[in-house]
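The values are calculated or read from the model by the stated rules, or taken from the named source; none is laboratory data. Predicted model only: the values in this text are computed from it and were never measured. Note that each Cβ is placed from the backbone with ideal geometry, even for glycine, and that neighbours are counted across all protein chains shown.
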Amino acid sequence: MTAYVIRRLLQAALVLFVMSLLVFFGVYLIGDPVEIFVAADADQVERARAIAALGLDKPIWEQYTSFVQGALGGDFGRSFVFGLPAVTLILQRLPATLELAFAAVFLTVVIGLPLGLWAGLRPDGFAGRTILAGSILGFSLPTFWVGIMLILVFAVQLGWLPSNGRGPVAEFLGIKSSLFTVDGWRHLILPAINLALLNIALMIRLVRAGVREVLPLDYIRFARAKGLSWGRIVGVHVMKNIMLPVVTVLGLELGAVIAFAVVTESIFNWPGMGKLIIDSIQRLDRPVVVAYLMVTVAIVIFINLVVDVVYSLLDPRIRLKDLDH
Amino acid sequence: MTLVVEDLQTQFPTRAGLIRAVDGVSLQVGPGEILGLVGESGSGKSITGFSILGLIDPPGRIAGGRVLFQGRDLVGLPEEELRRLRGARIAMVFQDPMMTLNPVLRIDTQMIEAVLAHEDAGREAARARARDALARVGIPSPDERLLAYPHQFSGGMRQRVAIAIALLHKPQLIIADEPTTALDVTIQGQILFEMRKLARESGTALIWISHDLAVVSGLADRIAVMYAGRIVESGPARAVLAAPLHPYTRGLLDSLPRGAGRGQRLVAIPGMAPSLGRLPPGCAFAPRCSRATAACEAMPALAEAGADRAVRCIHPLGDAA
């Protein structure tokens, strides 16, 4: 297990390195930030000073080397726009995105799992068919449209919930989060539903398919022949067998919503990382873009590692060293 | 009698029409008795076993007949009452040991839950019961093996575990659905021996479902031969094997390799087992039977034929036909 984790961490370092190369030079190719940051009527001297201040006067490979040197020490450079360290900017925004991501994953589990179970256990019933049909909607409706509709109905028409921003933050056990205030929850509900919808649909179909696959198997019939209650058969024998794909999707989802909550965060004006990255790309704020992607990649790699470990806990037939191949 | 099945009908509606997987099966088995239920794949013998336990999944259903277990009809019993019987009074061992244990649960989990499903014993008492049951079926170092997962066992060991689970509550009836088919011949012999000993010693009634007459011949007290959902012949094992009355039983016996000498062709029953959706109107075996005549187009009844024997044939063997 330790050897496995170490190997995975080395792989992660390699991925991060390649990622930094691609992003650094990629953003360099998009455009020249100088055109954006330096006032149009600045003279040559001011211009040169501004360029030197940002470190853009050196050749690109030299810029990259100094970036890597800084990055190894945890310094990803300063934002061209805000003048603050890029990492600081991202860490400021991270809690808001994490709140949103965890809320979405939570909704996916508490809504998607029971509905999927129901649809799988009673595929021919009215409820089962309705759930399945509903999941198709969840797949096919575009996120931005659903977001706008949610705002239109629940914020504008009914006026039940706020349409944008994050609620007030309270501190609990040293963690500052809007989850600890009622108004924070009210702000969170709509974006979380918006973000979770597609994943709920995915979860429903996944669980339904899993249940349908496991139910006809001999070991379920044997469990019934042992005289187990239906609740125990579904809750233990079926559930434990369909957990592998569920954990996979939850892991992927968590990574995806942390990294790509961009659309939802834009619609609901949620002050998370997604909104920061969009703004930064538009302004060619390279240190922030690079740092953001590095942080995101690190998070996704970490989640995948956790998923692999959970795999081996869930299914005794999987040993961690086999997952390498 | 421990179990009396009367005119059991189990049907499955399909797009091609109604499949009568079990069509009027009657059988009985008493304490300590071993009944061999023999037939080819698709003859309805496994479905008969599942029907007795009420384990027929919709859209399949028991359409008629009675399953009297210790005098009480199980057909139409509420699910909860069936559940209390299953595993406790009537146990079942399945065909494929690789598939009967849940792959992601430890053996102890699967055994302890079986104990606790019927008794309010504590977990520790249940664990002790599970360990004893494993020891009884000849699994070495049962304490250690309880902590293992099914994939760490061989097929034979897994079937022993399944049998140990079936024995946990000392049931009055065990239905064994080809439990040795997937096993090595040596293991098969051991398990046959143990099951027989068990039935004799504890007075458990045993229904042994098999396609293999050779296995059943060494084990069963009585034999019932099934073909296309019906019983075509039944009687004491010795008598049926020595002088079969139904041409199908004769065919099964002839196709066993023991009779043929070296270099001799094995006798096979011509044709194939019929599809249950397209049965001929009369005797289902007639198209494959050398003795069939026009009279076989009407369904023959299961008629008594001598001491404790019955046959469903218009031209039974040993007849001067």
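Looking at B:Ala220, B:Ala176, which is the one that is buried (at least 23 other Cβ atoms within 10 Å of the Cβ), of a type in the set (Gly, Ala, Ser) and part of a loop (DSSP other than H, G, I, E, B)?
Values: B:Ala176 fails: part of a loop (DSSP other than H, G, I, E, B).
None of the others qualify; the one that does is B:Ala220.
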Within segment A:74-92, residues being under 21 Å from A:Ile36 (Cβ atoms) and among the charged types (D, E, K, R) number 1
Just checking, how many residues over segment B:1-39 are part of a loop (DSSP other than H, G, I, E, B) and at pLDDT 90 or above?
-> 3
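Could you check segment A:69-158 for helices (runs of 4 or more DSSP H) lying wholly inside it with 1 or more residues that are over 29 Å from A:Met243 (Cβ atoms)? Before the answer, list the steps.
Numbers: elements: A:86-107, A:113-121, A:126-140, A:143-150.
The qualifying helices (runs of 4 or more DSSP H) are A:86-107, A:143-150.
Say whether the condition of being part of a helix (DSSP H, G or I), under 25 Å from B:Thr181 (Cα atoms) and out of contact with any His (no Cβ under 8 Å at 6 or more places or on another chain) is met by at least one residue in segment B:55-76. Please lay out each step first, then the result.
Keep residues of segment B:55-76 that are part of a helix (DSSP H, G or I), which gives none.
Taking every residue of segment B:55-76 in turn, none turns out to be part of a helix (DSSP H, G or I), under 25 Å from B:Thr181 (Cα atoms) and out of contact with any His (no Cβ under 8 Å at 6 or more places or on another chain).
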Verdict on B:Gly42 being within 30 Å of B:Ala303 (Cβ to Cβ), out of contact with any strand residue (DSSP E or B) (no Cβ under 8 Å at 6 or more places or on another chain) and either assigned to a loop (DSSP other than H, G, I, E, B) or not small (Gly, Ala, Ser) (or both) | yes
Of the criteria (1) in contact with a Phe, Trp or Tyr (Cβ under 7 Å, 6 or more places away or on another chain); (2) on the phi > 0 side of the Ramachandran plot, which one B:Gly138 fails = (1)
Scan of segment B:52-65 for residues that are crowded, with 16+ Cβ neighbours inside 10 Å, touching a Ser or Thr at 6+ places or on another chain (Cβ under 9 Å) and within 14 Å of chain A (Cβ to nearest Cβ), ordered by number = B:Ile56, B:Gly60
If A:Lys58 satisfies every condition in (1) closer than 21 Å to A:Leu276 by Cα; (2) outside any helix (DSSP H, G or I) but one, which is the exception?
-> (1)
Tell me which residues, restricted to segment A:27-55, are out of contact with any helix residue (DSSP H, G or I) (no Cβ under 9 Å at 6 or more places or on another chain), under 18 Å from A:Gly83 (Cα atoms) and not in a helix (DSSP H, G or I).
-> A:Asp32
With respect to B:Pro270, determine if the residue is in contact with a helix residue (DSSP H, G or I) (Cβ under 6 Å, 6 or more places away or on another chain), in a loop (DSSP other than H, G, I, E, B) and of a type outside the set (S, T, N, Q).
-> yes
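Given the criteria at pLDDT below 80, within 19 Å of the chain's Cα centre (by Cα) and within 28 Å of B:Ala16 (Cβ to Cβ), does B:Ala273 qualify?
Yes; evaluated as a whole, the condition is true for this residue.
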What number of residues within segment A:230-284 satisfy the criterion of being of a type in the set (S, T, N, Q), within 18 Å of B:Val104 (Cβ to Cβ) and crowded, with 22+ Cβ neighbours inside 10 Å?
-> 1
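Would you confirm whether any residue within segment B:188-210 is in contact (Cβ under 8 Å) with a residue 24 or more places away in the chain and under 21 Å from B:Ser275 (Cα atoms)? Lay out the reasoning, then the answer.
At the first step, the residues of segment B:188-210 found to be in contact (Cβ under 8 Å) with a residue 24 or more places away in the chain are B:188, B:190-192, B:194-196, B:198-200, B:202-210.
From the residues that got through so far, the ones that are under 21 Å from B:Ser275 (Cα atoms) too are B:209-210.
Within segment B:188-210, one or more residues are in contact (Cβ under 8 Å) with a residue 24 or more places away in the chain and under 21 Å from B:Ser275 (Cα atoms).
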Determine if segment B:253-275 includes at least one residue that is buried (at least 21 other Cβ atoms within 10 Å of the Cβ) and in contact with a strand residue (DSSP E or B) (Cβ under 9 Å, 6 or more places away or on another chain).
-> no
Considering only residues of segment A:1-35 that are over 15 Å from A:Thr296 (Cα atoms) and polar (S, T, N, Q), which is modelled with the highest pLDDT?
-> A:Gln11
Which members of segment A:190-219 meet the condition of being away from chain B (no Cβ under 14 Å) and without any contact (Cβ under 8 Å) to a residue 60 or more places away in the chain?
-> A:Leu197
Which of the following residues is aliphatic (A, V, I, L, M) and within 14 Å of chain A (Cβ to nearest Cβ): B:Leu167, B:Leu183?
-> B:Leu167
Which residue out of B:Leu68, B:Leu37 is closer than 30 Å to B:Ser255 by Cα and either more than 14 Å from chain A (Cβ to nearest Cβ) or charged (D, E, K, R) (or both)?
-> B:Leu37
Can you name every residue in segment B:129-164 that is within 13 Å of chain A (Cβ to nearest Cβ) and more than 15 Å from A:Lys226 (Cα to Cα)?
-> B:Leu147, B:Ala148, B:Tyr149, B:Pro150, B:His151, B:Gln152, B:Phe153, B:Arg158
Can you find even one residue in segment A:220-229 that is crowded, with 19+ Cβ neighbours inside 10 Å and more than 14 Å from every other protein chain (Cβ to nearest Cβ)?
-> no
Within segment A:170-188, identify whether any single residue is away from every other protein chain (no Cβ under 14 Å) and at pLDDT 80 or above, and answer yes or no.
-> yes
Under 6 Å between Cβ atoms, at least 6 apart or on separate chains: pull out the pairs that start in segment B:111-125 with a residue that is within 14 Å of chain A (Cβ to nearest Cβ) and end on any residue that is in a helix (DSSP H, G or I) and not hydrophobic (A, V, I, L, M, F, W, C).
-> B:Ile112/B:Arg127; B:Val115/B:Arg129
Tally, over segment B:80-109, of residues that are facing another protein chain (nearest Cβ under 8 Å), closer than 26 Å to B:Phe69 by Cβ and either among the basic types (Lys, Arg) or part of a helix (DSSP H, G or I) (or both) = 5
Only one of (1) free of Cβ contacts under 8 Å to residues at least 60 places away in the same chain; (2) within 11 Å of another protein chain (Cβ to nearest Cβ); (3) not polar (S, T, N, Q) is not met by A:Met243, so which one is it?
-> (1)
